[in-house]
Every structure is written in C-alpha cells, then in structure tokens.
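Okay, structure first, notes after.
The values are calculated or read from the model by the stated rules, or taken from the named source; none is laboratory data. Since the model is a prediction, treat every value here as computed from it, not as a measurement. Calculation scope for accessible area: heavy atoms of the full protein, side chains included, ligands and nucleic acids excluded. Shrake-Rupley method; radii C 1.70, N 1.55, O 1.52, S 1.80 Å.
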Amino acid sequence: MMAWSELKMIPNEYNDEIKAIDESLIRLLSERKALSNGRRLIPSRELVQEWSNQYGLDIPQINWLLNSLNSSSTPIMLNESGELLNVLPIMKKSIVDGFEYSLTHSMQHENSSIVFVEIQQLQNDVNTGYIRPQLLLDISGSQQYNVHRNGSHGGGGHTQITFLITPRLPDNMNDVRFALIPYAPPMESSPKEVILDQDVQFD
C-alpha cells in the first residue's frame, strides 16, 4: 500500500506562458492590495461594460473577480452564525425584463444575516423550466459587508436565492441600500442534469 509521502504529482499542462500570466496576476494582486489598504473599491458599471467589450469577458465574470479582490474575510459557516435572534421584513421589489425580484426578509443571527431573494417570471404563458441566476447581492451602508451566495433553488419560472452576510445587518435598515449585480465564476460549469426514467414499483 502506498504511503502519503509516496503520492506522485498529478500531471498537468502548466507551461511557461501560463506561468508568466500567473506571476503577473500575483504581482498585480500584491500592488492592488497595497493601494486599496483594506478599502472596498468597485469600478462603475460603465467601466465594467467597457472592459467586457474590450476583453471579451462576460460582466458576471468581471464582477466575480472584482468582488473576490474586495472580500476582506473568510465567510462564516452556517453552524457558526449563532442563535437566531429575529426575522426582519425587508419587502423591496423591482421588475426587470419580465422578472420580479423581491428582497423579502433577513434572518438575524448573532454573527450574521441570511437575506432571501425571490425571483418570479411575470408571464405565466412562457414555459421556463429552470432559472439560473448569476447574481450577487451588493450592500452599501455605514460599514462594509461581506456577502456570499448561500444557495438557490426553484423551477417553473420561480427561484429563490439566499445570501450570507457578515457582519449582521442592523435592525434598522433605513440607511442600507441593496442591489443585485451580475456575478459568476469564470470556470463555472452548468449543473449536471440527472434524468430519472425508470419504472418504479411500490409493493
């Protein structure tokens, strides 16, 4: 039986061209970290659109990169959120391109908040099997918040997304502004489809 120390490196196609790009990325990351000095710096939507056109990258992918650079802490795990203190209604709605987006409520835990977003297709006559939201909740207020996708599910023209936010949102959200922005990892793969088509007998 082979010991851990005997495990061999898995062959890959890493080469000098990719190495040069990776080294440039690491150098630029170091420079940006020093210049930002812990501040959350996000370009305008117009500038992101310009970069998307210039470099042939989708806007959700660019936003994924920029938000990754601005994330200042490791996301808290659900079992570390602490006791549920209360549930705050938010009830903010917006309609874009035939879909209604509802920011419904926040579950206020000791160490974090979980915010729920409902997305509903308004035209019932259009057959939509699955909605794939490439979105991230953007929050601005008196302090900086770290936001992480916490899951999504749905079907038939409806989906729900939850976001884990640290630190916990204030109970008074009058000065807190919410927005959904395009967001998707560059190497994101489509979810695997599993077809169940066998006879099932119940005895």
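Here are the numbers for the structure shown:
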read-out: Estimated vicinal HN-Hα couplings, Hz - segment 85-91 in sequence order (Karplus 6.51, -1.76, 1.60; Gly, Pro = x); value: 8, 6, 10, 9, x, 10, 6
read-out: Gained length - Ile26 relative to Met107, 0.36 nm times residue gap less alpha-carbon distance; value: 25.4 nm
read-out: Heavy-atom surface of segment 119-176, accessible at 1.4 Å and reported per residue (Å²); value: 52 Å²
read-out: Interchain or long-range residues, amide H under 5 Å from Asn146's placed H; value: Thr166
read-out: Per-residue SASA entry for His153, accessible area with 1.4 Å probe, Å² rounded to 10; value: 120 Å²
read-out: Solvent-accessible area of Glu17 with every protein chain in place, 1.4 Å probe, in Å² to the nearest 10; value: 140 Å²
